[in-house]
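Only one structure is covered here, and it is reproduced in the block below.
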Amino acid sequence: MKNSLETKLGIFVVLVVFAAWIIIETIGSGDLFSHGYRVSAQFDTVQDLKVGDRVKMAGVEIGRVADIELTTNKVSVVMKLNNGAIVKTDSKATVKFTGLMGQNFVALGFGSDTAPQASEGTILESTEQPDLSAIMAKLDAAAGGIQNITKTFSGDKLDNILGPLTDFVKQNSAPITATIANVKNISSQVAAGQGTIGKLVYDDALYASALNTVSNLQDTASSAKDVLASAKIVMTNVMAGQGTIGKLLTDDKLYYSTESAMTNVNQILMKVNQGQGTVGKLVNDQEFYKNAKLSLQKLDKAADSLEDTGPLSVIGTMMSNLF
């Protein structure tokens, strides 16, 4: 009897301990007896975050929330991390939730490779997650706006909008019908290849003509390209001093010869202007001009006298002068 009671008591104690361990693990306080280090972060709001909620990095649990307390205009969240969890000092903490009805948790970022590892008491930078209540309020407002839009297109308002259009269609049904018939007729003619547009669409002659024109343009462009190539060759030869034009442009001998000739001409003109030489005297000597004028006057008188004398007298005069 005693053994049976002790056995039952032992089983009861084991069950109590097992139940206590399950409860502690469920509420997230099982890490109170584990080793680790504490870091903290401050948030504007922590939503429904509670002590014992998980701390994750890339979806992997690395610790639990150890304490939540209010500070000046902020909420301080203390997190107890496992010894093997490597968190950098520039890692950022964010309060997230696993779903619309899921449990909240704190998500930590990896941080940079060059940042030092966080230690006991490190305060991490935080980022705020959008408030679920605010999101739901915005969705509710959007739904209300959509509902208002649907109301504006219902009942009398929709009739007021479409009423004038309906009346216009009824009053002009005959012209609209005629217009549709004309459009149908024109489209039929175009489809049959009739008219200018129909020929443009279906006649291959326009395509052939356009192709021929393009070919001619290509030939012209090719010819122009050949002409430009020839002109380029000519200009290259000219710049190289080849040919008559090239020598005229690049040979200095022509320049010096022309300069020398102009110098000689200038000297000759200066001598003529000074009255030197035969041409200079002819140009500048007044006596020569007077003598030439006098000689011309004598010749003129002699011609008049010969004209008055008869042919025989002229012959006699000439004979007497000869013999």
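No lab work stands behind these numbers, since they all come straight from the coordinates. This structure is a prediction, so every number in the text was calculated from the model and none was measured. We place every Cβ from the backbone using ideal geometry, glycine too, and count neighbours over all the protein chains shown.
Checking the cross-link pairs 281/301; 96/138; 74/96 against a 22 Å limit on the alpha carbon distance flags 281/301 as lying beyond it. The gain in end-to-end length when the residue 67 to residue 16 segment is fully stretched comes to 15.6 nm, 0.36 nm per residue minus the alpha carbon separation. The radius of gyration of the Cα set in region 31-129, together with its Dmax, comes out at 12.5, 38 angstrom. Counted residue by residue at 0.36 nm each, then reduced by the alpha carbon distance between them, the extension gain from residue 176 to residue 256 reaches 19.7 nm. With neighbour counts taken as other beta-carbon atoms within 10 Å, the residues 57, 79 rank, fewest first, as 57, 79.
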